[in-house]
1. Among the residues of the range 219-236, are any in a strand (DSSP E or B), closer than 29 Å to Cys147 by Cβ, open to solvent by 10 Å² or more (accessible area, probe 1.4 Å) and not basic (Lys, Arg)?
2. For Lys274, state whether it is under 30 Å from Asp234 (Cβ atoms), charged (D, E, K, R) and either without any contact (Cβ under 8 Å) to a residue 12 or more places away in the chain or outside any helix (DSSP H, G or I) (or both).
3. Among the candidates Arg674, Arg614, single out the residue that is of a type in the set (Lys, Arg), in a helix (DSSP H, G or I) and open to solvent by less than 70 Å² (accessible area, probe 1.4 Å).
4. Take the residues in the range 338-361 that are surrounded by fewer than 24 Cβ atoms within 10 Å (Cβ to Cβ) and among the charged types (D, E, K, R); name whichever of them is farthest from Glu589 (Cα to Cα).
5. For the range 394-403, name all the residues that are open to solvent by 10 Å² or more (accessible area, probe 1.4 Å) and either under 21 Å from Lys438 (Cα atoms) or in contact with a Lys or Arg (Cβ under 7 Å, 6 or more places away or on another chain) (or both).
6. With in contact with a helix residue (DSSP H, G or I) (Cβ under 7 Å, 6 or more places away or on another chain), in a loop (DSSP other than H, G, I, E, B) and within 28 Å of Gly494 (Cβ to Cβ) as the only criterion, which of Ser333, Ser348 stands out?
7. Suppose we filter the range 298-310 for residues that are under 38 Å from the mean Cα position of the chain (by Cα) and not acidic (Asp, Glu); how many remain?
8. Here are the criteria: (1) small (Gly, Ala, Ser); (2) more than 14 Å from Leu195 (Cβ to Cβ); (3) in contact (Cβ under 8 Å) with a residue 40 or more places away in the chain. Tell me which single one Gly161 does not satisfy.
Amino acid sequence: MPKLKIDGVEIEVENGLTVLQACEQAGVEIPRFCYHERLSVAGNCRMCLVEVSPGPPKPQASCALPAGEGMEVTTNSPMVEKARTGVMEFLLINHPLDCPICDQGGECDLQDQAMGYGNSGSRYTEDKRAVSEKYMGPLINTIMTRCIHCTRCVRFSTEVGGVTDMGMVNRGENAEITTLEKAVSSELSGNVIDLCPVGALTSKPYSFVARPWELKKTETIDVLDAMGSNIRVDVRGNEVMRVLPRLNEDVNEEWISDKSRFSCDGLRSQRLDKPYVRNAAGKLEPASWDEAFAVISAKLSGAAGERIAAIAGDQCDAESMFALKGLMDALGSPNLDCRQDGAALDPSVRSSYLFNTGIAKAEEADICLIIGANPRWEAPLVNTRLRKGWLDGGMKISVIGPQLDLTYDYDYLGASTATLQEIADGTHPFAAALKAAKRPMLMIGMGALSRDDGAACLAVARKIANDCGLIRDDWNGFNVLHTAAARVGGMDLGFTPGQGGCDVSGILNGASSGAIDVVYLLGADEIKMSSLDKAFVIYQGHHGDAGAHAADVILPGAAYTEKSGVYVNLEGRVQRGRRAAFPPGDAREDWTILRALSAIVGKTLPYDDLPGLRKAMHEACPHFTHIDTVEPTSWEDFGTIGDMSAAPFKSAIENFYMTDPISRASETMAACTREFILNAEGATGTDG
């Protein structure tokens, strides 16, 4: 480990660090525009100049200079200060003076560093350079005259996003960042807005909408996929203006997907803000809470427990599912399920439905088998981990399922269960590769588990894990790739069929045949609603989506930004979301609706406030007390050996941009669907 002096203080740093990183470790701040911890070193901006001896008598770029034994680094000498001031003057030569109208104003690196290192005025009297705006799709707004050519956006889209849409053309004063008028086709493209240190790339949906000092900022959890990305929700008044990522190295690092970032405008559209009851003419009409509860009570009081069922949706918080399960138990109903897609997950063995390797550790694997999944759409930030492992560690990736562009190279083993069975039997060469690997892993997705033979597919995947050495003392390579934020929490809470109870398929069949009279949908919109035509349907949710159209009574609930709730991500990490805004109109937090309803039907739940509910939930599931940690799980047998269909695996998601009521109500996501889904299908000649 080399020792060097920074501003006269000797420190010891790890081998391979740059001078800039050594200065950061020593607590010395170095200005920079092009350098970013998660991207390759470019050395473009020259803002990070320092004086180094022994060495040439000139300032050097610290981001690209390896720290060496015996170096003496000076970060505040007259030479360094003059050099940084000169660099800042050059950067501002062509930069427009439009800070008052710039969306980056108030949170701009260029503004901050110009205050710290710039001159009070400019000596430049010639005309400034102007650059035409570039089209980068429906999400990224461009004002390229402001660009300082740091190339962060180019490096991110290429290295992390895995697409080559962005690049620099020409040289010198004619250099420009461009996509050649093509939309950036990455599910992570919005992160270049955060990376841009000036106002060249801004959010198109957020353009000229608000200023950062007008916004109330709340740290919470994203529920638009199963990752549990850590986000910050910015609100003005009671309206969500934007969603930004926040740092969590173990989950999403500092990125979020475009759906998580841009679908927040869907929170303003098609909202349920008052109860509704279907009248004798078959039309939904507004009602009071008392009227809606009275209708529900009349139906429930005359129904036997086995003729009542409940289905929880993909965005439910743990508290609301726990309250609904308590109500169903009190009514004597064993018919409840949180698996809208019918995934064949075993609720009795926790390791059977978790991403056991862990999101952060996934990049450490040396070989990976993907079964019936499209991680690029189903969990984009898991996909970035695989891409990082492929780029940095040479991870070998193989796929059984749909053949798609996953942003990295992989060996395609086939689309059907025949290959999967051969690996399980040990007759396929890939089985030997798994056994020989140091850190092997497999990922099985909902495209395999939500089929009719999902239980058999799960059992075969478990057999591969056992026979090919995926389960070791310090490593568990068996992973389930979920698509629903509520799924793991619901499984943990036991929101699954009780003894003699029906799962989602059984509930729908029972409702269709008349065996089930009342179905309670808690934000469940992804099921076949036509099967519920004969049943009395209660829908509790926040959007007028499919469930609301099928309902006889609608109870308006709160979206994820409008309530405090606990969510468990796909690796089993318990995280707590916080309320950023209030529900619209007469809508209420979901658990409070269920608590009030339980009193009306004479089955009062044993708590009156959120702390009381959480205390009861913690007693039932002690691991829910361990916030932001992943509890270890034991490995046991699960799955049901049986025949597997020869039908090819399909991805569980057909349109990344519209997977839930919020994104389906979003105009921004509709624009992305037209740009990236419908246009792509038209270009390839497939059905739109």
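1. no
2. In short, yes.
3. Unique residue meeting the criteria: Arg614.
4. Restricting to residues being surrounded by fewer than 24 Cβ atoms within 10 Å (Cβ to Cβ) and among the charged types (D, E, K, R), the top hit is Lys361.
5. Residues satisfying the conditions are Gly394, Lys396, Pro402.
6. Ser333
7. 6
8. So the condition that Gly161 fails would be (2).
The values are calculated or read from the model by the stated rules, or taken from the named source; none is laboratory data. In this text, all values refer to a predicted model and were calculated from it rather than measured experimentally. Here Cβ is always computed from backbone atoms with ideal geometry, including for glycine, and neighbour counts include all displayed protein chains. In case anyone asks, the SASA skips ligands and DNA or RNA and just uses the protein heavy atoms, side chains included. Shrake-Rupley method; radii C 1.70, N 1.55, O 1.52, S 1.80 Å.
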